Amino acid sequence: MSFLPALRALLLACALSFLALASAGAQGLDAAVERFKADSFSDTEAGIAGVAASGSPQGVAILEALLDRRLFAGAPGVFFRDKAGQGFNAATGSPATVPAEAGMVRLNNRLRNLVQAALGSMTLLSPDPAQRFRAAEAVFKSRDATALPAVEQALAKETVRNVRRVLEEARAAIILSTTTAPEADRIAAAQRIAEAGDNDAVAILRQFSAQSTGGLKAVIDQGITAIEQAQRIRAWVQTVWFGVSLGSVLLLAAIGLAITFGVMGVINMAHGEMVMIGAYVTFVVQELFRSHAPHLLDWSLPISIPLAFLTSGLVGIAIERGVIRFLYGRPLETLLATFGISLVLQQAIRTWFGPTNREVSAPSWMAGSFEFLGLQITYGRLWIVVFTLVVFAALLLILKATPLGLQMRAVTQNRRMASAMGIRTRFVDAMTFGLGSGIAGIAGVALSQIDNVSPNLGQGYIIDSFMVVVFGGVGNLWGTLVAAFTLGIANKILEPFAGAVLGKILILVLLILFIQKRPRGLFALKGRAVEQ
């Protein structure tokens, strides 16, 4: 057929063209690599530009080696090592031994920026989205005008949203940096950079604010003002999030105390030790998994939750049955007895586990962080907030939908009437103390992820727990919820101005003044009586 000779001719022409281009690229790379032999920054700069322009496949490896101080040059030639330490000939790309007489090619800060820009423009079309993202960021920081064609070519093909966003910002930064570009294009570029709203965008706009005039300067100044205002708003929102995170920790530590103090009127100074026991249960469970089933280590934390609840709950019931039930109606003796129990439990833990801190690692699904609306949110803190709300909802369900919860509420409202109706108030007291202690143990599981697991773990939260309970209203769970988040947010708002220690003192002073006006807290229960 007549078209076969024409097809063969076309394929032959394409192959010859490809070979010619490859030969030209190889020749260009050879000439560029030779420039690295001269120990001068000007020749190194020319070599960087030549490697970037050659289009050779090993050009990226050569420039990465130069940036990481793995490129060596001398009389025998130019060589580089990969990250594994294997040597290669820079011109041919073939494996080779790096001669001892070859010296490392030097860089200064300006050349280092040129290498980053060249790497960015060479990897903008990489098949790996992460590499394209890093390349676009490098071009954005360097603002190298020679990379503009490569950026526009990459933009035409890019489909990944995050990579495309950084490419658009890089293109805008290059155009804004080009003083010969039309003013309308530079104004549009300044507006695009201002939309990024981060610190890099502010730095670029400030750099060109003093150099600009007329409409461009007005747009740049307006963009700087808008970014700074948005950053202030984000900083406040971030502070509130930190306060919510702290409030969730306070709520976990205080919610069990709110139950025992509200129903029984017992000032339990050993409540912090219930938290400590839950944290040590988490440590023991994790050590067992680490020794016998390391592939299931991520499951150690969920399994620790019911075990910590049972262990702390049983210890709480034992304390109530063995000591506290003989001291009802004698608050001072109860306070001293529970304080003594707390010292005994601390010493027992020191005897069994030692006085040093114990490590409890976070599971993989709690590691790392993500960005949401400009906020940096760690997965660990987010899971603790969610876990706290789940525990709070489960406790409400127990109090509202179970016979034990009904009896607990009855005893809270009027102990004598509940006893007359046949409710075993002593049994309710024991179960209430066990429930409160068990929830404290669950709090220990969560706190093991953000604090040191040590015999003194609970002591850092006992005072804050009492503050939350008193502020919210003794025996009122919703009051405890509101008080915990209010105190957490207030702490984080005051810290930047007053410091951590003075901030806590101010919170305590404000709380004392509040109690003077409302002695029963935010949400006081009506008709509560603890009568013997």
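The values are calculated or read from the model by the stated rules, or taken from the named source; none is laboratory data. No experiment lies behind these values; they were computed from the predicted model shown. We place every Cβ from the backbone using ideal geometry, glycine too, and count neighbours over all the protein chains shown. Calculation scope for accessible area: heavy atoms of the full protein, side chains included, ligands and nucleic acids excluded. Shrake-Rupley method; radii C 1.70, N 1.55, O 1.52, S 1.80 Å.
Structure data summary
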read-out	value
Probe 1.4 Å, accessible area per residue of region 186-344, Å²	44
Relative contact order of the chain, defined on C-alpha pairs under 8 angstrom at six or more residues apart (%)	15
Angle in degrees between helix 379-401 and the longest Cα principal axis of the chain, rounded to the nearest 10	30
Charge dipole of the chain about the Cα centre (unit charges at C-beta), most positive-ward option of Q459, Q222, A430	A430
Relative contact order for region 51-170, counting Cα pairs under 8 Å that sit 6 or more residues apart, in percent	19
Relative frequency of Cα-Cα separations exceeding 29 Å in region 107-262, percent	35
Candidate aspartates and glutamates for bridging to K37, where Cα separation is under 18 Å - those fewer than 8 sequence places away on the same chain excluded	E45, E64, D68, E101
Alpha-carbon gyration tensor eigenvalues x 5, square-rooted, for region 284-356, Å	33, 15, 8
Vicinal HN-Hα couplings computed from phi for region 87-104 (Karplus, 6.51 cos²θ - 1.76 cosθ + 1.60; Hz; Gly/Pro x)	x, 9, 7, 5, 6, 9, x, 8, x, 7, 8, 6, x, 5, 7, 6, x, 5
Whichever lysines have a C-alpha closer than 23 Å to that of K217, once near sequence neighbours (fewer than 8 apart) are set aside	K141
Cα pair count fraction exceeding 30 Å, expressed as % - the chain	65
Rounded accessible area per residue of region 423-508, 1.4 Å, Å²	35
Amide H within-cut-off set for L522, under 5 Å, with H built and near neighbours excluded	G472, G473
Over 14 Å [Cα-Cα, region 343-404], rounded percent	74
Extent along principal axes [Cα atoms of region 153-213; Å; largest to smallest]	36, 25, 12
Pair K157, A38: separation of 7 Å Cα→Cβ label points (nm)	3.4
Per-peptide average of other Cβ atoms within 10 Å, ordering 466-473, 283-290, 404-411 highest first	466-473, 404-411, 283-290
Region 254-406 - Kirkwood radius from inverse mean 1/r over Cα pairs (Å)	17.8
Fully extended contour minus Cα-Cα distance, from A203 to L336, at 0.36 nm per residue	41.9 nm
Sulfur and carbon atoms: percent of accessible area, region 371-460 [1.4 Å]	65
Cβ-derived FRET efficiency at R0 60 Å, Q516 paired with N109, nearest 0.05	0.45
By average C-beta atoms within 10 angstrom, highest first, the peptides 255-261, 429-435, 236-242, 67-73	255-261, 429-435, 67-73, 236-242
Percent accessible area from carbon and sulfur atoms, region 269-349, protein chains only, probe 1.4 Å	76
Region 241-255 - phi-based ³J(HN,Hα) in whole Hz, Karplus 6.51/-1.76/1.60, Gly and Pro as x	4, 4, x, 4, 4, 5, x, 5, 5, 4, 5, 4, 6, 9, 5
Prolate/oblate/rounded label for region 388-465 (Cα gyration tensor, a/c 1.5)	prolate
Cα centroid separation, region 286-345 to region 130-204 (Å)	58
Table column - 3J(HN,Hα) (Hz), region 220-237, Karplus curve with 6.51, -1.76, 1.60, x for Gly and Pro	5, 4, 5, x, 4, 4, 5, 5, 5, 5, 5, 5, 5, 5, 5, 5, 5, 5
With Cα atoms, 0 to 90° folded angle of helix 129-142 axis to the chain main axis	70
Over region 320-369: Kirkwood hydrodynamic radius from C-alpha pairwise inverse distances, Å	14.0
Peptides 333-344, 90-101 ordered by average Cβ neighbours within 10 Å, highest first	333-344, 90-101
Proximal lysines to K400, defined as alpha-carbon separation beneath 22 angstrom and excluding residues fewer than eight positions away on the same chain	K526
Percent accessible area from carbon and sulfur atoms, region 50-153, protein chains only, probe 1.4 Å	53
Computed over region 402-446, Cα set: Rg, Dmax in Å	12.2, 40
Fraction of beta bridges assigned by DSSP in the chain that are antiparallel (%, nearest 5)	100
